[in-house]
Structure formats: C-alpha cells, structure tokens
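Read the structure below first, then the notes.
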Amino acid sequence: DAKTTQPTSMDCAEGRAANLPCNHSTISGNEYVYWYRQIHSQGPQYIIHGLKNNETNEMASLIITEDRKSSTLILPHATLRDTAVYYCIVRPENQGGKLIFGQGTELSVKP
Amino acid sequence: SAVISQKPSRDICQRGTSLTIQCQVDSQVTMMFWYRQQPGQSLTLIATANQGSEATYESGFVIDKFPISRPNLTFSTLTVSNMSPEDSSIYLCSVGSRGTTDTQYFGPGTRLTVL
C-alpha cells in the first residue's frame, strides 16, 4: 500500500477554513485517497474519498493534485467540534481492503 | 451508513484472564475488521473477520492470542486471551461492503485496561 505523510499537528481559528495537506507520492493508479477523522475517545469517522477529481460533500472538500501525489482536505468553516485527528489513507477501491492508518494530523480548532 | 455497537464499552481486567468483545451491526455486511489502538497511538489492524471461515490475521497477531468468531453477517467477537498490561488498548470493529464506495464504518470502541 502507498504511504502517506501528514503534518503532526495544525491549528485553525474557529470559523476559518482548515486546510489539511497529505503527501502520497507513491500512489498507484487504482488507489483512492480516503480521509477519516477521530474525535477523542470515539471510533474513526469517514469524511470523504476520491480518485483524481475533486470531491465535495456536506462535511468537506477534497482537492487532489493533477499528478495525484498530494491532496488537501478542506473544512470550509471549522468549528470547535472539528477538533480531532485527521487520517489520510490510500488504498484500492472495491477490494474490501483493510485501512492502514498513519499517525494523522491533530487539528486543534481554537476560539 | 451502518450502525455499529460494541460490548462492553469499557472494562478493567486482571492479568491472565480473557475478555470477549462483541460487535453488532444493524445490517448485513460483507467485511468486518478488528483494530487495536494503543494509548497515544494510531490504529493497527488485527484481523479480518471472515463469515464461515477462519479470520485472516495481520503480521504480529495470532489466533491463539486474539481468537475471532463471525457466525453471521451482522455479528463478530474478538477475544483477548491471557491478558497482560500491554494489552491495555481501545479495540474497535469496523464494517464495509463491496460496494462502489467501499467505505468502512467504525464502532465506538471498547476501552480495555489490564491490571
């Protein structure tokens, strides 16, 4: 599986956009980029995933570079409840495959 | 998304004993997984629970220590055997289906403390 690199921690002001970067320079052509987050003492929560096109849902937007070697998760208006560890994971789709978690980015949203 | 429950939510156990954790899903799912999250660490996959056959274990995890059952498409158990303090972790189950999105959903976790 391709590996990902994320900053260990980031801060964001409440109400501002949070932009979380992820490098996946060895990603293969059939591997998707998934984002999960884990709020303290809870199970991980699925956020979004994409292959090569940018994606948006009610939670976030995912911007994937044209060469697919990096991506950015955008929380458009961060709230205090978005404080969590955010994990960027790459894996092939439709293989029922396991998720390999890295250390993620600890996002702190501050008032 | 699937609704997943785990029992117990937390437990404190004595060294040398065993604990069985249950994972129940509100709908039939193809895939079920068990993860461990040690204090301050990320999640590590223990095994894939296969319905009707033996679980598939990841490197570093063995059936004698972590026996898994999956009697049907909505239920699985993980047993942590002969526990030591190093087994103190959060244990999480997750589920997925071989659909177009193939997204995994996680249970709330079981917080285990071994004294």
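The values are calculated or read from the model by the stated rules, or taken from the named source; none is laboratory data. It should be emphasised that the depicted structure is a prediction, and the values quoted were computed from it without experimental measurement. Positions of Cβ are backbone-derived with ideal geometry, glycine not excepted, and every protein chain shown enters the neighbour counts. Quick note on the areas: whole protein, heavy atoms, side chains included, nothing else; ligands and nucleic acids left out. Shrake-Rupley method; radii C 1.70, N 1.55, O 1.52, S 1.80 Å.
Cβ-Cβ contacts under 8 Å between residues 6 or more apart (or on different chains), taken from a first residue in the range B:5-27 that is within 11 Å of residue B:78 (Cβ to Cβ) to a second residue that is assigned to a strand (DSSP E or B) and open to solvent by 60 Å² or more (accessible area, probe 1.4 Å), are listed as B:6/B:22; B:6/B:24; B:21/B:7; B:22/B:7.
Please enumerate the residues belonging to the range A:82-111 that are open to solvent by 40 Å² or more (accessible area, probe 1.4 Å), modelled with pLDDT of 95 or more and out of contact with any Asp or Glu (no Cβ under 9 Å at 6 or more places or on another chain). Residue satisfying the conditions is A:106 alone.
For residue B:52, the stated conditions hold: it is assigned to a loop (DSSP other than H, G, I, E, B), more than 14 Å from every other protein chain (Cβ to nearest Cβ) and modelled with pLDDT under 95. Would you call residue A:49 of a type outside the set (Gly, Ala, Ser) and surrounded by fewer than 18 Cβ atoms within 10 Å (Cβ to Cβ)? Considered against the rule, which asks whether it is of a type outside the set (Gly, Ala, Ser) and surrounded by fewer than 18 Cβ atoms within 10 Å (Cβ to Cβ), residue A:49 comes out as no. Residues of the range A:3-24 that are of a type in the set (S, T, N, Q) and open to solvent by 80 Å² or more (accessible area, probe 1.4 Å): A:5, A:8, A:23. Candidates A:75, A:99, A:107: the one that is within 14 Å of another protein chain (Cβ to nearest Cβ) and in contact (Cβ under 8 Å) with a residue 24 or more places away in the chain is A:99.
Against the numbered list (1) part of a loop (DSSP other than H, G, I, E, B); (2) open to solvent by 70 Å² or more (accessible area, probe 1.4 Å), residue A:28 comes up short only at (2). Given the criteria touching a strand residue (DSSP E or B) at 6+ places or on another chain (Cβ under 6 Å), more than 11 Å from chain A (Cβ to nearest Cβ) and crowded, with 18+ Cβ neighbours inside 10 Å, does residue B:69 qualify? No: the conditions fail for residue B:69.
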